[in-house]
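Bear in mind these aren't lab numbers, they're just calculated from the coordinates by the rules spelled out. Predicted model, so just to flag it, every value in this text is computed and none were measured. Virtual Cβ from ideal backbone geometry, glycine too; neighbours counted across all protein chains shown.
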Amino acid sequence: MVADSPVPLASASDMAAGQFADLVRDYSADALDQLMIESTRQCEGIAGRRLAPFTGVPESHRATGIDPDELSGSGAMPMDLAGTVGQSYANALGSTGDQVRHVWLSEYAPRYPEMWTYSNLQVTLLRSYGGSQIVTAASLIGAENDSGHVWFTLGTYLPLGSLIRVVYDGGYSTVPADLGRACKLLAASLVLGEIDPAGTQFAHDRGVLTAQAEAILCNYKHL
């Protein structure tokens, strides 16, 4: 089994050097690393989304919804040569309806989009009319850090009801400071649950620590 090994939102050295050093002083290096991984995943669970850098996340979306401005009734709008050729190609393939132009990735930056990074976006279309296509980068605009919006260029043959499969890397390449704080707070709470469940040995209150972390992470939840 492959071990879960994300880049944690706060490192073992951050934990050992901070206000919770007394809690983790007896942890081995490996145990402390694992604690920060577990805390990172708990942060993501509370927020209901990916936060730490991730690789190869697969998603599937159904092609649905067309902006009225992109319906065929607007087909007389001026466009450049590439757009004209693309639209003609899509029509030549025999579509009887209009083409979907957009998809939104599930994972994106809810805050601080300038710290978020996407890479290695791969898109495969399984068309409702039959056939499939791997979409090249030249046929895509995005993904946009603040929304996960991916825009298919004009002429991409993507009928309504088709399946859009995506695989991509992303996450906070620079971790916002409050997320690092939430990770340490939850790590401290996890430690207290293991070594001081009665709450008598240390001056830290597990419930308060967890509540402080949740107050931070509520700002990163899906709206």
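Residue separation times 0.36 nm, minus the C-alpha to C-alpha distance between E38 and Q122: what's the value?
Values: separation 84, 0.36 × 84 = 30.24 nm, distance 2.88 nm.
Here the segment from E38 to Q122 would lengthen by 27.4 nm.
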Between E194 and N219, what is the FRET efficiency for a Förster distance of 25 Å, r being their Cβ-Cβ separation, to the nearest 0.05?
0.35
Label point at R50 placed 7 Å out along Cα→Cβ; residues across segment 1-22 whose backbone nitrogen lies under 19 Å:
2-10
Rounded to whole Å, give me the distance from the Cα center of segment 126-177 to that of segment 19-34.
41
In nanometres, the difference between 0.36 nm per residue of separation and the alpha-carbon distance of A16 and R62 is 12.0 nm
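When N is the residue count of segment 145-205, what does its C-alpha Rg come to as a fraction of 2.2 N^0.38 Å? Show your work: numbers first, answer last.
Numbers: Rg = 22.3 Å, N = 61, 2.2 N^0.38 = 10.5 Å.
Normalised Cα radius of gyration, segment 145-205: 2.12.
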Sorting V167, L185, G207 by the position of each Cα along the dipole of segment 129-223 (Lys, Arg +1; Asp, Glu -1; all at Cβ), the one nearest the positive end of that ordering is V167
